[in-house]
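Visitor: Provided herewith is a single structure, encoded as structure tokens, for subsequent inquiry.
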Amino acid sequence: MKIIKLILSMFIIVNMANAMDIIKSKYDFDTTYKNIKNTIVQKNIPIFAEFDHAKNAEEVGLELNPTSVIVFGNPKVGTFLMQENQSIAIHLPLRISVWKDAKNNVFVTYTDIKDLAKQYNIKNTKVVDNVDNLLKEMVRSSTQEK
């Protein structure tokens, strides 16, 4: 039974990893983070929470390169997805992570909503396409030189 649980857990983790995109930023950490946050605010999308994992690590005596997460989303859009499959709620609201590696490269990780929609058998392609286009444009404009 433990082996079955382990295999199932690994399958879930692999599928969740497939539902993420990682983009390298041309900007430093602070600029990238501010760009992402400003883009979300300019689009009038509610920000529900922000997490500074490096600060949290420091508070418990540990070190972590800059790593932050913004939790955001439009409840109306998320509701459309959850009306089809409430299990997708575990991935909502959406999150974008900005992090710096040991070589000072900055990356943005965000949900590949199309992969996620496939995993949850979401059929509302209009909503999924709109969210996908929004996420890609937000990340592109926040990480690439204008």
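The values are calculated or read from the model by the stated rules, or taken from the named source; none is laboratory data. Worth saying up front: this structure is predicted, and the values here are computed from it rather than measured. Cβ placement follows ideal geometry from the backbone for every residue including glycine, while neighbour counts extend to all protein chains displayed.
Visitor: Would you check if E84 is surrounded by 12 or more Cβ atoms within 10 Å (Cβ to Cβ), among the acidic types (D, E) and under 20 Å from V131 (Cβ atoms)?
Guide: Judged against the criteria, E84 is a match.
Visitor: I would also like to ask the following. Pick out the one residue from T67, T111, T79 that is under 13 Å from the mean Cα position of the chain (by Cα) and without any contact (Cβ under 8 Å) to a residue 40 or more places away in the chain.
Guide: Checking each option against the conditions leaves just T67.
Visitor: On the given criteria, is F51 under 20 Å from T39 (Cβ atoms), free of Cβ contacts under 8 Å to residues at least 60 places away in the same chain, touching a Leu at 6+ places or on another chain (Cβ under 8 Å) and of a type in the set (F, W, Y)?
Guide: Taking the combined requirement at face value, the residue does not satisfy it.
Visitor: Return a yes/no flag: does the range 89-106 have any residue that is surrounded by fewer than 14 Cβ atoms within 10 Å (Cβ to Cβ), aliphatic (A, V, I, L, M) and not in a loop (DSSP other than H, G, I, E, B).
Guide: Taking every residue of the range 89-106 in turn, at least one turns out to be surrounded by fewer than 14 Cβ atoms within 10 Å (Cβ to Cβ), aliphatic (A, V, I, L, M) and not in a loop (DSSP other than H, G, I, E, B).
Visitor: Out of the residues in the range 1-60 meeting the condition of being in a loop (DSSP other than H, G, I, E, B) and in contact with a Ser or Thr (Cβ under 7 Å, 6 or more places away or on another chain), tell me which one is modelled with the lowest pLDDT.
Guide: Here the answer is A19.
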